[in-house]
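What follows is one structure encoded as structure tokens, with my remarks underneath.
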Amino acid sequence: MSTALPDYAQSVWIDESELMLGKKHVRELLDSTQAYDQLQYRFWRTYLENIAIAGFTWENVPAGIDPRAIEYIMLYYGMGALFTESEGVLFAQAAPAENVNMFYNPNKISLFSPAGQYWQRHCNFWINAENEVMPRDAVMLFDNMMRTPLCGFINNYAKRLAAIDRTIDINVGAQKTPWIITGPEEAKATKRGIIKDLKNNKQFISQNSGMTDIVNYEVLNTSAPFVADKLLDTKKRILDEAITFLGADNANTDKRERVNTQEVLSNNEQVMLMRNSRLKCRKEFCKVANVVFAEYLDAPIDVSWSVPHLREAEAPEVMPNKDIDGE
């Protein structure tokens, strides 16, 4: 018996952790609803990752360093460092190589590249084997003030959004009329054809008169309430929460009427705090790197948010019982 995967498997994304469990497990996965769930999870994870990785614009980065790689490292590892190598500077994934100091900052760090290269550098003054005080030869960059990668949180939001998508589809599908089809084993192919016609929403299903006593079908009423609209509101709230976490603007409300000014400013404050947590780390990195590696730079490194934010000072004055448009 052939163990080759079906053709439709090529159009379905399967997580790497699932592929590691073997071809039999993947076939069972593709034959179940899990394949769809994986696809939805992948969609939301990629959607949020794209927002996170496109959040900042870097300027005057040394030649040979890809700004996208900087944000990629921040997204997945939360730590990276600019360091000297062969009369030039590089940027790579980094991690503390020993205990941090009293301010929880690393000194000796290890750096890694996807190609397997490995370096060790120092983010503060250090003493070499000859007992000489040496200057720092690396500058650490953190994605946020908690120094944690965002990918784990993004995965959590992606799973929650995918779960709601599946529930919405189930609820919408339940609005179709369920059918019970009965008949002998000999009529298995006929029953399969009828089910296919029903799934394809055919308005007319033809059947030979001689088959009426062999295959019968009837309607089963499940009385499933339609709640997809409420689930969509819930999904929007979760998505807005994720967007706020990444520092991007959003309404962060499921209210259908006009939003009160104070509610907008409250959400603005959350967004600005999250933006500050990520931008402050990058600004501090630029400030130190421009001093430590000044001889290697043609112009000072700088970074800013890719999309400006409507700051609280630019919003309308908060007035009791007033909407944004003042009506």
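Key figures
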{"read-out": "Square roots of 5 times each gyration tensor eigenvalue, C-alpha, region 45-185, largest first, Å", "value": "49, 16, 14"}
{"read-out": "Across K108/K283; K230/K283; K230/K280; K159/K199, pairs whose alpha-carbon gap is larger than 32 Å", "value": "K230/K283; K230/K280"}
{"read-out": "Packing-based order for 62-69, 230-237, using average beta carbon neighbours within 10 Å, highest first", "value": "230-237, 62-69"}
{"read-out": "Percent of alpha-carbon pairs separated by more than 22 Å within region 114-190", "value": "68 percent"}
{"read-out": "Region 48-75 and region 80-121: distance between their alpha carbon centers, rounded to Å", "value": "18 Å"}
{"read-out": "Kirkwood-based Rg to Rh ratio, region 53-133, C-alpha trace", "value": "1.00"}
{"read-out": "Residue order for E130, E71 - accessible surface, 1.4 angstrom probe, largest first", "value": "E130, E71"}
{"read-out": "Residue order for Y76, Y47, Y104, Y157 - accessible surface, 1.4 angstrom probe, largest first", "value": "Y104, Y47, Y76, Y157"}
{"read-out": "Protein-only accessible surface order, largest first, of V227, V303 at 1.4 Å", "value": "V227, V303"}
{"read-out": "For region 87-153: span of alpha carbons on each principal axis (Å, largest first)", "value": "45, 32, 18"}
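The values are calculated or read from the model by the stated rules, or taken from the named source; none is laboratory data. Treat the numbers as computed from the prediction; the structure is a model and nothing was measured. When we count neighbours, we look across all protein chains shown, and the Cβ atoms used for this are built from the backbone with ideal geometry, even at glycine. Ligands, DNA and RNA are stripped out before the accessible areas are found, and what is left, the full protein with its side chains, is counted by its heavy atoms. Shrake-Rupley method; radii C 1.70, N 1.55, O 1.52, S 1.80 Å.
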